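What follows is a set of notes on a single structure, which appears directly below.
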Amino acid sequence: MRILLCVLIGGFFSTTVFSLECHSCLSYCKLKPNGELSEDCDCAGNSTCNGTTCFAKVEMFSVEETAIIQKGCASNLPYGTSGCHYAGAQESVHCYCDGEKCNTKEKFDNYKPKQLPIVQCCECSEPRGEKCPEDKCERTCRGNYCLIDFDGVEQGCGLGLPRLQNFLRIQNYSDLQGSQTCARYQATQSTIVHGCVCTSPTGFCNRVNASREYQLEKVVSRRVDDQNYCYSLHQKSRKAFDKEIFKKMEKTSRSDTCEGHYCFISMTTSELVVENTTEIDADGKGSYVGLSRPRYEILAGCLKVDDDNKVSLGCTTEYSENSGNPISKHCICESHLCNYYNLLVDEDNTTLRQVILDQSHDHDLVNSPSEAAGAVLTYDPSLRKTSGISQVSVHFMLIFTTYLALF
């Protein structure tokens, strides 16, 4: 059964005041035999950009013994992300600061990640053929946070700050130390991620049974009568996207929406890669160069979370030149079909749109009463929540599979 939903997409975007000048560059270097950065590994130059935050990111490719360093600007980053942190793994270090041209190796203490509390976690992977116990650990590991992904059941440890913190745009993530955060997001029927991160000092907070019960109660079954329909889209391309990608989506007969507490839209425009050269170094090994190449990816979908206070509405942008040409942009909004292309380009959009909702798919483990009854849904634009995207506050960059692996 299909329902016709008519929605007025109003444009909500904010003008960000860019007050800081930041270094903007990209370079690569060879890693030491122990996998660490060499003393002269950095990027520099005369190029700058203006933003509310400066960043420097170090991505290490251990097999190729090569590191890439990228610097630039960010706007509307969450509070509490300053300094350097591992971005989930030891090979990735992300640093942020809020001073004039502050994104230097010296001011970031040689890109040394901050020390965070260590917790013990369960470790197991059913996709790798293991059977993860419900109430105990198959193995254990130690990290700065524990994680569990219910899609196939994977348990493990992460270093630094979890990607989920950036995706939800959590303010002052350190305030959540010792607690659990669970979420579920869907971009398409084949792009669904749901799981939890936790930092309980007692350890092993990512046990399967307890985590699943929390997810079902606090995420899936929460606010079932107060949800928003969102555009559902996942596309990749070597060319830039425009709003035609949504028009093409609307003309198809498949379901192009999902339902959640919030809607999101995310885009990246490039990826960091290493490529081999024909040169051989002094040790007889191949030589590699690091570079950024165009790779466009867009995700739009619905988001459910265990606590509304953990989510910040608005958009985060990272860029090396100006905000109009982003490396990445990620937005969260809270009204029907608010996650339209206009959020990515800061344009107003007041077009009356018609969207076919295909009810042949379950939108979640628990359907809303309106779906179950097959009711025709209508939406009054005058009742649109003004908080949709009118208050901007935060970010995330990425080499984009990261939005598909939030934990």
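Restricted to the range 130-229, the set of strands (runs of 3 or more DSSP E) holding at least 2 residues that are among the β-branched types (Val, Ile, Thr) and not assigned by TED's automatic domain parsing to the domain that holds residue 266 comprises 180-188, 191-198.
For the range 250-276, the tally of residues that are polar (S, T, N, Q) and at pLDDT 80 or above stands at 6. All conditions in (1) assigned by TED's automatic domain parsing to the domain that holds residue 165; (2) of a type in the set (Lys, Arg); (3) touching a residue at least 24 places away in the same chain (Cβ under 8 Å) hold for residue 101, with the sole exception of (1).
Among the conditions (1) at positive phi; (2) outside the structural domain of residue 207 (by TED's automatic domain parsing); (3) not hydroxyl-bearing (Ser, Thr, Tyr), residue 107 misses just one, which is (1).
Is at least one residue of the range 30-37 in a strand (DSSP E or B) and more than 29 Å from residue 199 (Cβ to Cβ)? Among the residues of the range 30-37, at least one is in a strand (DSSP E or B) and more than 29 Å from residue 199 (Cβ to Cβ), which makes the answer yes.
For the range 108-129, a tally of residues being touching a residue at least 60 places away in the same chain (Cβ under 8 Å), among the polar types (S, T, N, Q) and either in a loop (DSSP other than H, G, I, E, B) or closer than 30 Å to residue 68 by Cβ (or both) returns 1. Could you grab me the full set of residues in the range 35-59 that are free of Cβ contacts under 8 Å to residues at least 60 places away in the same chain, of a type in the set (A, V, I, L, M) and farther than 19 Å from residue 20 by Cα? Residue satisfying the conditions is 58 alone. Highlighted here are the strands (runs of 3 or more DSSP E) found entirely within the range 312-375 that include at least 1 residues which are among the β-branched types (Val, Ile, Thr) and modelled with pLDDT under 50: 352-358. Of all residues in the range 68-85, those satisfying the criterion of being surrounded by 21 or more Cβ atoms within 10 Å (Cβ to Cβ), modelled with pLDDT under 95 and either more than 18 Å from the chain's Cα centre (by Cα) or more than 14 Å from residue 328 (Cβ to Cβ) (or both) are 78, 81.
Listed by first and then second residue, the pairs linking a residue in the range 296-308 that is not assigned by TED's automatic domain parsing to the domain that holds residue 192 to a residue that is assigned to a loop (DSSP other than H, G, I, E, B) and aromatic (Phe, Trp, Tyr), with Cβ atoms under 7 Å apart and 6 or more places separating them unless they lie on different chains, are 296/241; 298/241.
The values are calculated or read from the model by the stated rules, or taken from the named source; none is laboratory data. All of these numbers come straight from a predicted model, not from anything done at the bench. Quick reminder, even Gly has a Cβ in these numbers, built from the backbone with ideal geometry, and neighbours come from all protein chains shown.
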